[in-house]
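Written below as C-alpha coordinates is the structure these notes are about.
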Amino acid sequence: MRKINIGIIGFGTVGSGVVKILRDKKSFLAEKTGIEICIKKICDKDLTSKRNVSIDKKLLTKSALEVINDPQIDIIVELMGGVHPAKEFIIEALKKGKNIITANKALLAQDGSELFALAADRGKSIYFESAVGAGIPIIKSLRESLAANSFSSIYGIVNGTSNFILSRMSQESCNFTDALNEAKKLGFAESDPTLDIKGIDSAHKLILLTYLAFGKMVSLKDVHIEGISQILPADIVYAKELGFEIKLLAIAKKEGDGLEMRVHPTFIPKTHLLSSVSGIFNAIYAESDLAGDLLFYGPGAGQMAAASGVVSDLIDLTQDIKAGLFRPTMNIVADKSIKRLCSIDDYKSRYYIRFMANDKPGVLAKISGILAKYGISIASVTQKERSRSHVVPIVMVIHEAEEKDLCSALNTIDRLDTIKEKSVAIRIEEV
Ligand code: HSE
(Lines give C-alpha, C1' and ligand atoms only; values in the text may rest on other atoms or scores of the structure.)
Protein backbone atom coordinates (compact mmCIF):
# COMPACT_ATOMS: atom_id res chain seq x y z
CA MET A 1 0.00 0.00 0.00
CA ARG A 2 1.26 3.46 -0.87
CA LYS A 3 2.52 5.50 2.07
CA ILE A 4 2.24 9.26 2.37
CA ASN A 5 4.31 10.98 5.03
CA ILE A 6 3.05 13.95 6.96
CA GLY A 7 4.62 16.38 9.41
CA ILE A 8 2.63 18.14 12.09
CA ILE A 9 3.60 21.58 13.41
CA GLY A 10 1.68 22.28 16.63
CA PHE A 11 1.10 19.42 19.05
CA GLY A 12 -1.60 21.02 21.15
CA THR A 13 -5.21 19.98 21.61
CA VAL A 14 -6.08 19.62 17.93
CA GLY A 15 -2.66 18.24 16.96
CA SER A 16 -2.87 15.46 19.52
CA GLY A 17 -6.45 14.77 18.38
CA VAL A 18 -5.20 14.28 14.81
CA VAL A 19 -2.46 11.92 16.02
CA LYS A 20 -5.04 9.97 18.02
CA ILE A 21 -7.40 9.56 15.03
CA LEU A 22 -4.57 8.49 12.73
CA ARG A 23 -3.48 5.92 15.31
CA ASP A 24 -6.90 4.62 16.42
CA LYS A 25 -8.39 4.51 12.91
CA LYS A 26 -5.26 3.50 11.04
CA SER A 27 -6.65 0.41 9.33
CA PHE A 28 -10.11 1.94 8.78
CA LEU A 29 -8.56 4.92 7.00
CA ALA A 30 -6.14 2.76 5.03
CA GLU A 31 -8.97 0.51 3.86
CA LYS A 32 -11.06 3.52 2.91
CA THR A 33 -8.39 5.47 1.06
CA GLY A 34 -5.90 2.88 -0.14
CA ILE A 35 -3.17 4.99 1.44
CA GLU A 36 -1.23 4.62 4.64
CA ILE A 37 -0.85 8.01 6.27
CA CYS A 38 2.40 8.01 8.28
CA ILE A 39 3.33 10.67 10.79
CA LYS A 40 7.01 11.32 10.13
CA LYS A 41 7.61 14.25 12.49
CA ILE A 42 5.77 16.33 15.08
CA CYS A 43 6.99 19.75 16.10
CA ASP A 44 6.07 21.74 19.20
CA LYS A 45 7.97 24.15 21.39
CA ASP A 46 6.67 22.27 24.43
CA LEU A 47 7.67 18.62 24.36
CA THR A 48 7.14 17.92 28.04
CA SER A 49 3.40 18.52 28.73
CA LYS A 50 1.30 15.38 28.91
CA ARG A 51 -0.97 14.69 25.92
CA ASN A 52 -3.78 12.15 25.85
CA VAL A 53 -1.99 10.14 23.19
CA SER A 54 1.17 8.09 23.30
CA ILE A 55 3.70 8.48 20.50
CA ASP A 56 7.20 7.42 19.61
CA LYS A 57 9.42 10.14 21.18
CA LYS A 58 11.73 9.94 18.16
CA LEU A 59 9.03 11.70 16.10
CA LEU A 60 9.20 14.81 18.27
CA THR A 61 11.24 17.90 17.50
CA LYS A 62 11.30 21.51 18.57
CA SER A 63 12.45 22.59 15.13
CA ALA A 64 9.76 23.41 12.56
CA LEU A 65 12.45 23.60 9.87
CA GLU A 66 13.41 20.01 10.57
CA VAL A 67 9.85 19.06 9.59
CA ILE A 68 9.63 21.43 6.63
CA ASN A 69 13.02 20.41 5.23
CA ASP A 70 12.40 16.67 5.46
CA PRO A 71 12.31 15.54 1.81
CA GLN A 72 10.19 12.49 2.67
CA ILE A 73 7.31 14.58 4.01
CA ASP A 74 4.57 15.37 1.47
CA ILE A 75 2.08 17.24 3.64
CA ILE A 76 2.60 19.77 6.41
CA VAL A 77 -0.24 20.10 8.93
CA GLU A 78 0.04 23.51 10.59
CA LEU A 79 -1.86 23.61 13.89
CA MET A 80 0.19 26.08 15.89
CA GLY A 81 -2.13 29.05 15.33
CA GLY A 82 -1.27 32.75 15.29
CA VAL A 83 -0.04 34.64 12.24
CA HIS A 84 3.71 34.55 12.91
CA PRO A 85 5.73 32.40 12.52
CA ALA A 86 2.99 30.13 11.09
CA LYS A 87 2.96 32.22 7.89
CA GLU A 88 6.71 31.94 7.40
CA PHE A 89 6.57 28.18 8.02
CA ILE A 90 3.80 27.71 5.44
CA ILE A 91 5.64 29.82 2.85
CA GLU A 92 8.81 27.83 3.42
CA ALA A 93 6.92 24.53 3.21
CA LEU A 94 5.22 25.54 -0.08
CA LYS A 95 8.60 26.52 -1.49
CA LYS A 96 9.88 23.09 -0.48
CA GLY A 97 7.05 21.50 -2.49
CA LYS A 98 4.76 20.46 0.39
CA ASN A 99 0.97 20.59 0.43
CA ILE A 100 -0.53 22.36 3.42
CA ILE A 101 -3.35 21.70 5.83
CA THR A 102 -4.09 24.41 8.35
CA ALA A 103 -6.78 25.37 10.85
CA ASN A 104 -5.38 28.89 11.09
CA LYS A 105 -8.28 31.20 10.31
CA ALA A 106 -6.50 34.32 11.60
CA LEU A 107 -3.61 33.74 9.19
CA LEU A 108 -5.78 32.85 6.20
CA ALA A 109 -8.12 35.80 6.83
CA GLN A 110 -5.13 38.13 6.87
CA ASP A 111 -2.78 36.63 4.28
CA GLY A 112 -4.87 34.01 2.46
CA SER A 113 -4.59 35.70 -0.96
CA GLU A 114 -0.80 35.69 -0.78
CA LEU A 115 -0.59 32.11 0.46
CA PHE A 116 -3.15 30.71 -2.02
CA ALA A 117 -1.34 32.49 -4.89
CA LEU A 118 2.00 31.04 -3.82
CA ALA A 119 0.45 27.57 -3.49
CA ALA A 120 -1.07 27.78 -6.99
CA ASP A 121 2.23 29.01 -8.36
CA ARG A 122 3.98 25.99 -6.87
CA GLY A 123 1.24 23.56 -7.93
CA LYS A 124 0.38 22.78 -4.30
CA SER A 125 -2.80 22.97 -2.24
CA ILE A 126 -3.82 24.59 1.03
CA TYR A 127 -6.76 22.85 2.70
CA PHE A 128 -8.47 24.34 5.73
CA GLU A 129 -11.70 22.50 6.60
CA SER A 130 -11.33 22.91 10.35
CA ALA A 131 -10.67 26.68 10.19
CA VAL A 132 -14.44 27.30 10.32
CA GLY A 133 -16.89 25.31 12.41
CA ALA A 134 -14.34 22.61 13.42
CA GLY A 135 -15.74 19.35 11.98
CA ILE A 136 -18.77 20.89 10.24
CA PRO A 137 -18.07 20.27 6.54
CA ILE A 138 -18.76 23.85 5.46
CA ILE A 139 -15.55 24.59 3.54
CA LYS A 140 -15.81 21.56 1.30
CA SER A 141 -19.54 22.11 0.88
CA LEU A 142 -19.10 25.69 -0.32
CA ARG A 143 -16.11 24.86 -2.48
CA GLU A 144 -17.29 21.61 -4.02
CA SER A 145 -20.79 20.41 -3.18
CA LEU A 146 -22.36 23.82 -3.86
CA ALA A 147 -19.98 24.84 -6.65
CA ALA A 148 -22.81 25.54 -9.11
CA ASN A 149 -24.57 27.94 -6.74
CA SER A 150 -24.53 31.69 -6.32
CA PHE A 151 -25.20 32.97 -2.82
CA SER A 152 -27.25 35.91 -1.65
CA SER A 153 -26.28 35.67 2.02
CA ILE A 154 -24.40 33.73 4.66
CA TYR A 155 -25.34 33.99 8.33
CA GLY A 156 -23.01 32.25 10.74
CA ILE A 157 -22.90 31.51 14.43
CA VAL A 158 -19.23 30.66 14.17
CA ASN A 159 -17.80 31.34 17.61
CA GLY A 160 -18.58 28.68 20.19
CA THR A 161 -17.33 30.72 23.14
CA SER A 162 -19.62 33.67 22.44
CA ASN A 163 -22.53 31.40 21.67
CA PHE A 164 -21.97 29.51 24.92
CA ILE A 165 -21.93 32.80 26.88
CA LEU A 166 -25.10 34.16 25.25
CA SER A 167 -26.85 30.80 25.73
CA ARG A 168 -25.96 30.70 29.45
CA MET A 169 -27.13 34.28 29.85
CA SER A 170 -30.38 33.32 28.14
CA GLN A 171 -30.99 30.01 29.93
CA GLU A 172 -29.60 30.77 33.41
CA SER A 173 -30.11 34.56 33.52
CA CYS A 174 -26.47 34.96 34.59
CA ASN A 175 -24.40 37.97 33.62
CA PHE A 176 -21.69 38.16 30.97
CA THR A 177 -18.73 37.79 33.39
CA ASP A 178 -20.19 34.75 35.18
CA ALA A 179 -20.98 33.07 31.85
CA LEU A 180 -17.46 33.77 30.57
CA ASN A 181 -15.93 32.36 33.75
CA GLU A 182 -18.06 29.25 33.39
CA ALA A 183 -16.90 28.85 29.77
CA LYS A 184 -13.28 29.10 30.96
CA LYS A 185 -13.88 26.60 33.76
CA LEU A 186 -15.39 24.09 31.34
CA GLY A 187 -12.43 24.55 28.98
CA PHE A 188 -14.55 26.08 26.18
CA ALA A 189 -12.95 29.54 26.23
CA GLU A 190 -9.33 30.26 25.37
CA SER A 191 -7.19 31.52 28.28
CA ASP A 192 -7.33 34.88 26.50
CA PRO A 193 -10.82 34.97 25.00
CA THR A 194 -10.48 38.52 23.62
CA LEU A 195 -10.67 37.53 19.94
CA ASP A 196 -13.78 35.46 20.65
CA ILE A 197 -15.85 37.90 22.71
CA LYS A 198 -14.88 40.93 20.62
CA GLY A 199 -16.17 39.23 17.47
CA ILE A 200 -12.76 39.10 15.75
CA ASP A 201 -12.58 35.30 15.54
CA SER A 202 -16.06 35.35 13.94
CA ALA A 203 -14.84 37.98 11.47
CA HIS A 204 -11.84 35.83 10.50
CA LYS A 205 -14.20 32.93 9.80
CA LEU A 206 -16.64 35.20 7.92
CA ILE A 207 -13.80 36.33 5.65
CA LEU A 208 -13.08 32.69 4.71
CA LEU A 209 -16.76 31.88 4.13
CA THR A 210 -17.12 35.01 1.99
CA TYR A 211 -14.07 34.04 -0.04
CA LEU A 212 -15.69 30.72 -0.87
CA ALA A 213 -19.26 31.92 -1.35
CA PHE A 214 -18.71 35.27 -3.08
CA GLY A 215 -15.17 34.95 -4.46
CA LYS A 216 -13.89 37.99 -2.59
CA MET A 217 -11.09 38.14 -0.05
CA VAL A 218 -12.14 41.00 2.21
CA SER A 219 -9.79 42.70 4.71
CA LEU A 220 -10.56 42.59 8.39
CA LYS A 221 -10.72 46.40 8.41
CA ASP A 222 -13.64 46.21 5.95
CA VAL A 223 -15.74 44.07 8.27
CA HIS A 224 -17.89 45.93 10.79
CA ILE A 225 -17.22 44.15 14.10
CA GLU A 226 -18.95 44.40 17.48
CA GLY A 227 -18.53 41.97 20.38
CA ILE A 228 -20.91 40.79 23.06
CA SER A 229 -19.52 42.19 26.34
CA GLN A 230 -22.05 45.05 26.50
CA ILE A 231 -25.04 42.68 26.56
CA LEU A 232 -26.93 42.55 29.87
CA PRO A 233 -29.20 39.73 31.05
CA ALA A 234 -32.01 42.34 30.85
CA ASP A 235 -31.44 42.68 27.08
CA ILE A 236 -31.96 38.96 26.71
CA VAL A 237 -35.13 39.08 28.80
CA TYR A 238 -36.50 41.94 26.68
CA ALA A 239 -35.47 40.13 23.49
CA LYS A 240 -37.45 37.07 24.55
CA GLU A 241 -40.51 39.15 25.42
CA LEU A 242 -40.35 40.65 21.95
CA GLY A 243 -40.06 37.19 20.34
CA PHE A 244 -36.31 37.14 19.67
CA GLU A 245 -33.04 35.53 20.77
CA ILE A 246 -29.74 37.41 20.79
CA LYS A 247 -26.96 35.74 18.79
CA LEU A 248 -23.53 36.91 17.69
CA LEU A 249 -23.98 36.65 13.93
CA ALA A 250 -21.34 36.86 11.23
CA ILE A 251 -23.15 38.12 8.16
CA ALA A 252 -22.15 38.43 4.51
CA LYS A 253 -25.10 39.63 2.49
CA LYS A 254 -25.64 41.00 -1.00
CA GLU A 255 -27.52 44.29 -1.01
CA GLY A 256 -28.05 45.65 -4.53
CA ASP A 257 -24.57 45.82 -6.08
CA GLY A 258 -22.90 45.84 -2.66
CA LEU A 259 -21.81 43.27 -0.11
CA GLU A 260 -22.43 43.81 3.59
CA MET A 261 -19.81 42.29 5.89
CA ARG A 262 -20.59 42.52 9.57
CA VAL A 263 -20.28 40.72 12.90
CA HIS A 264 -22.48 41.89 15.75
CA PRO A 265 -24.98 40.76 18.37
CA THR A 266 -28.29 40.40 16.58
CA PHE A 267 -31.94 39.97 17.47
CA ILE A 268 -33.19 37.03 15.43
CA PRO A 269 -36.77 35.76 15.51
CA LYS A 270 -37.29 32.80 17.87
CA THR A 271 -38.90 31.02 14.93
CA HIS A 272 -35.66 31.03 12.91
CA LEU A 273 -33.54 27.87 12.96
CA LEU A 274 -30.45 29.82 14.06
CA SER A 275 -32.16 30.97 17.26
CA SER A 276 -32.08 27.42 18.65
CA VAL A 277 -28.32 26.97 18.13
CA SER A 278 -27.06 26.89 21.73
CA GLY A 279 -23.88 26.41 23.72
CA ILE A 280 -20.65 25.77 21.87
CA PHE A 281 -22.55 24.69 18.78
CA ASN A 282 -21.98 26.56 15.53
CA ALA A 283 -24.28 26.91 12.54
CA ILE A 284 -23.95 28.42 9.12
CA TYR A 285 -27.09 29.36 7.22
CA ALA A 286 -26.57 29.95 3.52
CA GLU A 287 -29.08 31.26 0.98
CA SER A 288 -28.21 29.85 -2.43
CA ASP A 289 -29.90 30.10 -5.82
CA LEU A 290 -30.01 26.39 -6.72
CA ALA A 291 -29.84 24.36 -3.52
CA GLY A 292 -32.06 26.80 -1.63
CA ASP A 293 -31.65 27.73 2.02
CA LEU A 294 -29.19 25.47 3.80
CA LEU A 295 -28.21 25.01 7.43
CA PHE A 296 -24.92 23.45 8.54
CA TYR A 297 -24.88 22.67 12.25
CA GLY A 298 -22.56 21.00 14.74
CA PRO A 299 -19.97 21.47 17.48
CA GLY A 300 -17.83 24.47 16.57
CA ALA A 301 -14.93 23.57 18.80
CA GLY A 302 -13.45 20.62 20.64
CA GLN A 303 -10.48 18.35 20.09
CA MET A 304 -12.06 15.57 18.08
CA ALA A 305 -14.45 17.78 16.10
CA ALA A 306 -11.57 19.98 14.92
CA ALA A 307 -9.28 16.99 14.35
CA SER A 308 -12.04 15.35 12.25
CA GLY A 309 -11.88 18.34 9.88
CA VAL A 310 -8.09 18.10 9.66
CA VAL A 311 -8.19 14.38 8.92
CA SER A 312 -10.83 14.93 6.21
CA ASP A 313 -8.36 17.34 4.56
CA LEU A 314 -5.65 14.70 4.89
CA ILE A 315 -7.85 12.15 3.16
CA ASP A 316 -8.64 14.59 0.33
CA LEU A 317 -5.01 15.51 -0.15
CA THR A 318 -3.78 11.94 -0.11
CA GLN A 319 -6.39 11.08 -2.75
CA ASP A 320 -5.19 14.00 -4.89
CA ILE A 321 -1.60 12.84 -4.53
CA LYS A 322 -2.53 9.24 -5.29
CA ALA A 323 -4.36 10.28 -8.45
CA GLY A 324 -1.57 12.67 -9.45
CA LEU A 325 -4.11 15.48 -9.35
CA PHE A 326 -3.52 19.08 -8.50
CA ARG A 327 -6.68 20.78 -7.41
CA PRO A 328 -5.82 24.45 -6.99
CA THR A 329 -6.74 25.49 -3.47
CA MET A 330 -9.68 27.45 -4.79
CA ASN A 331 -11.23 27.76 -8.21
CA ILE A 332 -12.47 31.04 -6.91
CA VAL A 333 -14.62 33.08 -9.25
CA ALA A 334 -15.66 36.51 -8.05
CA ASP A 335 -19.38 37.25 -8.00
CA LYS A 336 -19.44 39.93 -10.69
CA SER A 337 -22.69 41.43 -9.48
CA ILE A 338 -20.82 42.69 -6.40
CA LYS A 339 -19.28 46.05 -7.23
CA ARG A 340 -18.46 47.36 -3.76
CA LEU A 341 -18.39 46.65 -0.07
CA CYS A 342 -21.22 48.41 1.75
CA SER A 343 -20.42 50.95 4.44
CA ILE A 344 -22.02 50.22 7.78
CA ASP A 345 -23.16 53.88 7.86
CA ASP A 346 -25.62 53.16 5.06
CA TYR A 347 -26.93 49.99 6.63
CA LYS A 348 -30.65 50.15 7.42
CA SER A 349 -32.27 48.09 10.13
CA ARG A 350 -34.82 47.98 12.86
CA TYR A 351 -33.08 48.26 16.22
CA TYR A 352 -33.59 47.42 19.84
CA ILE A 353 -32.14 50.21 22.01
CA ARG A 354 -31.53 50.26 25.77
CA PHE A 355 -30.97 53.57 27.53
CA MET A 356 -29.90 53.67 31.18
CA ALA A 357 -31.56 56.80 32.52
CA ASN A 358 -32.63 58.51 35.73
CA ASP A 359 -36.29 57.90 36.38
CA LYS A 360 -37.45 61.53 36.07
CA PRO A 361 -40.28 63.31 34.32
CA GLY A 362 -39.33 64.48 30.83
CA VAL A 363 -36.49 62.01 30.15
CA LEU A 364 -38.48 60.03 27.62
CA ALA A 365 -39.65 63.21 25.90
CA LYS A 366 -36.05 64.35 25.49
CA ILE A 367 -34.94 61.00 24.08
CA SER A 368 -37.81 60.77 21.64
CA GLY A 369 -37.29 64.41 20.62
CA ILE A 370 -33.69 63.71 19.64
CA LEU A 371 -34.66 60.54 17.78
CA ALA A 372 -37.33 62.50 15.89
CA LYS A 373 -34.75 65.14 14.94
CA TYR A 374 -32.81 62.43 13.13
CA GLY A 375 -35.93 61.07 11.45
CA ILE A 376 -36.07 57.97 13.64
CA SER A 377 -39.49 56.55 14.37
CA ILE A 378 -40.22 54.63 17.59
CA ALA A 379 -42.19 51.38 17.31
CA SER A 380 -42.47 50.59 21.04
CA VAL A 381 -41.19 51.75 24.44
CA THR A 382 -40.91 49.77 27.68
CA GLN A 383 -39.86 50.80 31.15
CA LYS A 384 -40.52 48.08 33.67
CA GLU A 385 -38.79 49.22 36.84
CA ARG A 386 -39.64 52.39 38.66
CA SER A 387 -37.36 54.27 41.03
CA ARG A 388 -36.79 57.99 41.61
CA SER A 389 -33.22 57.71 42.74
CA HIS A 390 -31.98 54.85 40.63
CA VAL A 391 -31.01 54.36 37.05
CA VAL A 392 -33.59 52.40 35.08
CA PRO A 393 -33.46 50.76 31.67
CA ILE A 394 -35.68 52.32 29.02
CA VAL A 395 -36.09 49.93 26.13
CA MET A 396 -37.21 50.89 22.64
CA VAL A 397 -37.71 49.18 19.35
CA ILE A 398 -37.38 51.56 16.43
CA HIS A 399 -38.60 51.26 12.86
CA GLU A 400 -36.04 50.91 10.12
CA ALA A 401 -33.35 53.57 10.42
CA GLU A 402 -29.97 54.26 8.87
CA GLU A 403 -26.99 53.38 11.06
CA LYS A 404 -25.41 56.81 10.65
CA ASP A 405 -28.60 58.59 11.80
CA LEU A 406 -28.94 56.27 14.77
CA CYS A 407 -25.29 56.76 15.79
CA SER A 408 -25.67 60.55 15.62
CA ALA A 409 -28.87 60.40 17.69
CA LEU A 410 -27.34 58.10 20.31
CA ASN A 411 -24.22 60.30 20.60
CA THR A 412 -26.48 63.26 21.38
CA ILE A 413 -28.68 61.29 23.77
CA ASP A 414 -25.67 59.84 25.62
CA ARG A 415 -24.54 63.38 26.44
CA LEU A 416 -27.78 64.16 28.35
CA ASP A 417 -27.28 64.54 32.13
CA THR A 418 -30.04 62.05 32.79
CA ILE A 419 -28.39 59.29 30.72
CA LYS A 420 -26.04 57.37 33.00
CA GLU A 421 -24.42 54.77 30.73
CA LYS A 422 -23.57 54.43 27.07
CA SER A 423 -26.71 53.32 25.24
CA VAL A 424 -26.78 49.90 23.65
CA ALA A 425 -28.30 49.37 20.19
CA ILE A 426 -28.76 45.89 18.76
CA ARG A 427 -29.81 45.25 15.16
CA ILE A 428 -32.95 43.25 14.47
CA GLU A 429 -32.24 41.01 11.51
CA GLU A 430 -35.02 39.89 9.20
CA VAL A 431 -33.24 36.62 8.40
N1 HSE B 1 -12.26 29.84 19.90
C2 HSE B 1 -13.11 29.32 18.89
C3 HSE B 1 -14.54 29.38 19.37
C4 HSE B 1 -12.84 27.89 18.52
O5 HSE B 1 -14.82 29.73 20.51
O6 HSE B 1 -15.41 29.08 18.57
C7 HSE B 1 -11.78 27.76 17.50
O8 HSE B 1 -12.17 28.32 16.28
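The values are calculated or read from the model by the stated rules, or taken from the named source; none is laboratory data. Everything quoted here is computed from the prediction, not taken from an experiment. Note that each Cβ is placed from the backbone with ideal geometry, even for glycine, and that neighbours are counted across all protein chains shown. Surface areas here come from the heavy atoms of the whole protein model, side chains and all, with no ligands, DNA or RNA. Shrake-Rupley method; radii C 1.70, N 1.55, O 1.52, S 1.80 Å.
Structure notes:
- Cross-link partners for LYS254 among the lysines, with Cα-Cα distance under 21 Å and sequence neighbours closer than 8 places in the same chain left out: LYS205, LYS216, LYS221, LYS336, LYS339, LYS348, LYS404.
- Length-normalised contact order for region 342-431 - Cα pairs under 8 Å, 6+ apart - percent: 46
- Two-decimal Rg to Rh for region 356-431 - Kirkwood Rh, Cα set: 0.95
- Taking a point 7 Å out from the Cα of GLN230 in the direction of its Cβ, the residues of region 175-217 whose backbone N falls within less than 14 Å of it are 198-199.
- Between region 123-142 and region 404-423, the alpha-carbon center distance in angstrom: 43
- Across all Cα pairs in region 249-331, the calculated P(r) in 10 Å bins from zero up to the longest distance comes to 13, 30, 34, 19, 4 percent per bin.
- Between region 187-231 and region 302-325, the alpha-carbon center distance in angstrom: 25
- On Cα atoms only, tilt of 86-95 relative to the major axis of the chain in degrees: 40
- Cα convex hull volume per residue for region 139-183 (Å³): 89
- Diffusion constant of region 48-186 at 25 °C, which comes from Stokes-Einstein with the Kirkwood Cα-pair radius and 0.890 mPa s, µm²/s: 137
- Taking the Cα centre of the chain as origin and assigning +1 to Lys and Arg Cβ atoms and -1 to Asp and Glu Cβ atoms, the resulting dipole is close to 800 debye.
- Convex hull per residue volume in Å³, alpha carbons only, for region 106-230: 131
- Hits among lysines - C-alpha to C-alpha of LYS96 under 24 Å, sequence gap 8 or more where chains match: LYS3, LYS40, LYS41, LYS45, LYS58, LYS62, LYS87, LYS105, LYS124, LYS322
- Helix 160-172 and the longest principal axis of the C-alpha atoms of the chain enclose an angle of approximately 40°.
- Secondary structure note: in region 1-116, about 0% of the DSSP beta bridges are antiparallel.
- Extension gain from ASP414 to LYS95, taking 0.36 nm per residue of separation minus the Cα-Cα distance: 109.3 nm
- Computed across the chain, the Kirkwood hydrodynamic radius from all distinct Cα-Cα pairs reaches 23.3 Å.
- Rel. contact order, % - alpha carbon contacts under 8 angstrom, at least six apart, the chain: 16
- In Å², nearest 10: area of MET1 left accessible to a 1.4 Å probe: 140
- The trypsin sites (Lys or Arg not before Pro) found in region 246-281 that occupy coil by DSSP, while having at most 14 further C-beta atoms within 10 Å, are LYS270.
- Where region 139-299 is the region considered: accessible area per residue in Å², 1.4 Å probe: 37
- Using only alpha carbons, region 190-323 has a radius of gyration to Kirkwood radius ratio (Rg to Rh) of 1.00.
- Applying the criteria of a DSSP loop state and at most 12 other Cβ atoms within 10 Å to the trypsin sites (Lys or Arg not before Pro) of region 43-117 yields LYS45, LYS50, LYS62.
- The chain - percent of accessible surface contributed by carbon and sulfur, probe 1.4 Å: 52
- In plain terms, the chain is cut at each of the GluC sites (Glu not before Pro) found in a DSSP loop with at most 11 other Cβ atoms within 10 Å, and the longest leftover piece is 1-384.
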